[in-house]
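Colleague: Dropping a structure here in structure tokens format, bear with me for questions.
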Amino acid sequence: MAVYSAEHQYIFFANPQTASKAIALTLRRSLSGVPLPDREITRNGKTVARAHHTTYSQILAAGLLTEDQLGKLFKFTCVRNPFDQLVSKYIKHCDRLANDPSKYPWLEGVEAAAPDNSFPQWVAHLSRLYGEMDKLAKGPLEFLNHADLVIRFEALQEGFDEFLRHIGVTEPLSVTEYNITKGRAEGGAAAPDAAKVKKKKKNYTEYYDTACVEVVEKLYEPIINRFNYRFGD
């Protein structure tokens, strides 16, 4: 979904893995935001507008707003360093497969992989499935190309404060913490008796090898160059 407010005249496009759910929740709780659409829209069995992460073109195609109406709204979204963003995506893939390497399709036929990090194999697997990886690389541009403001994940509150100034809200408002990737803690899921031990967050660079860096640099070149992202930032 996107989040729309007729009162404050904005629309937020939720770019995946960029704290978009946290911002969407904040908008809905405090700034008259409503989901747009409120459910998936299909026509002739084909999805016209997704229920989650709806894009500018989908809003138009579904007839939810006209181009003229969109032009009058303050449009904003978020962006994140692709090197960091892909690690969160990988961890969520692992979570969906119960963190069981025997179920990881990217390890099929692979003789050697680190027991606690199959990220290089995951990236290599995706690079072979070029169609899927191409979608990953170009997908964020659907959210970024129509935005009046792009908030950096790395400076989330500062960016959100700038959005508030644009719509004329003077009262301070903090972004709600939501949907933090638990697997970014070092060592994965904690055992029950270790649940109270605060674990050090594992830096995204620790998941990479040289080949991984080169693949991501190539596939995400437009975003990396536009926002001056670098590996290790």
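The values are calculated or read from the model by the stated rules, or taken from the named source; none is laboratory data. Being a predicted model, the structure only gives us computed values, none of them experimental. Every residue, glycine among them, receives a Cβ derived from its backbone with ideal geometry; neighbour counts consider all protein chains shown. SASA here: full protein model, heavy atoms, side chains in, ligands and nucleic acids out. Shrake-Rupley method; radii C 1.70, N 1.55, O 1.52, S 1.80 Å.
Colleague: Need pairs with beta-carbon distance below 6 Å; first residue part of a helix (DSSP H, G or I) and within segment 58-72, second open to solvent by less than 50 Å² (accessible area, probe 1.4 Å); sequence gap 6+ or separate chains.
Modeller: Pairs found: Q58/A49; I59/L65; A61/V48.
Colleague: Within segment 90-109, is even one residue in contact with a strand residue (DSSP E or B) (Cβ under 8 Å, 6 or more places away or on another chain), modelled with pLDDT of 90 or more and at negative phi?
Modeller: Our first condition is that a residue be in contact with a strand residue (DSSP E or B) (Cβ under 8 Å, 6 or more places away or on another chain); within segment 90-109, this holds for none.
No: segment 90-109 contains no residue that is in contact with a strand residue (DSSP E or B) (Cβ under 8 Å, 6 or more places away or on another chain), modelled with pLDDT of 90 or more and at negative phi.
Colleague: Tally the residues that are under 25 Å from Y220 (Cβ atoms) and of a type outside the set (V, I, T), restricting the search to segment 34-82.
Modeller: The number of residues fulfilling the criteria is 12.
Colleague: Mind checking which pairs have a first residue in segment 208-221 that is in contact (Cβ under 8 Å) with a residue 40 or more places away in the chain and a second that is among the small types (G, A, S) and open to solvent by less than 100 Å² (accessible area, probe 1.4 Å), Cβ under 7 Å, 6 or more apart or different chains?
Modeller: Filtered contacts from segment 208-221: V215/S127; L219/A137; Y220/A137.
Colleague: Working only within segment 54-87, note down all residues that are within 11 Å of the chain's Cα centre (by Cα) and surrounded by fewer than 19 Cβ atoms within 10 Å (Cβ to Cβ).
Modeller: Result: no residue meets the conditions.
Colleague: Of the residues I91, I23, only one is in contact with a Cys (Cβ under 8 Å, 6 or more places away or on another chain) and assigned to a helix (DSSP H, G or I); which? Talk me through it step by step, then tell me what you get.
Modeller: Values: I91 fails: in contact with a Cys (Cβ under 8 Å, 6 or more places away or on another chain).
It is I23.
Colleague: Of all residues in segment 124-157, how many are at pLDDT 90 or above, more than 14 Å from the chain's Cα centre (by Cα) and in a helix (DSSP H, G or I)?
Modeller: So the count comes out to 2.
Colleague: For segment 35-53, how many residues are part of a strand (DSSP E or B) and surrounded by 14 or more Cβ atoms within 10 Å (Cβ to Cβ)?
Modeller: Just the residues of segment 35-53 that are part of a strand (DSSP E or B), to begin with: 35-36, 41-43, 46-49.
From what is left, the residues that are surrounded by 14 or more Cβ atoms within 10 Å (Cβ to Cβ) are 35-36, 41, 48-49.
Qualifying residue count, segment 35-53: 5.
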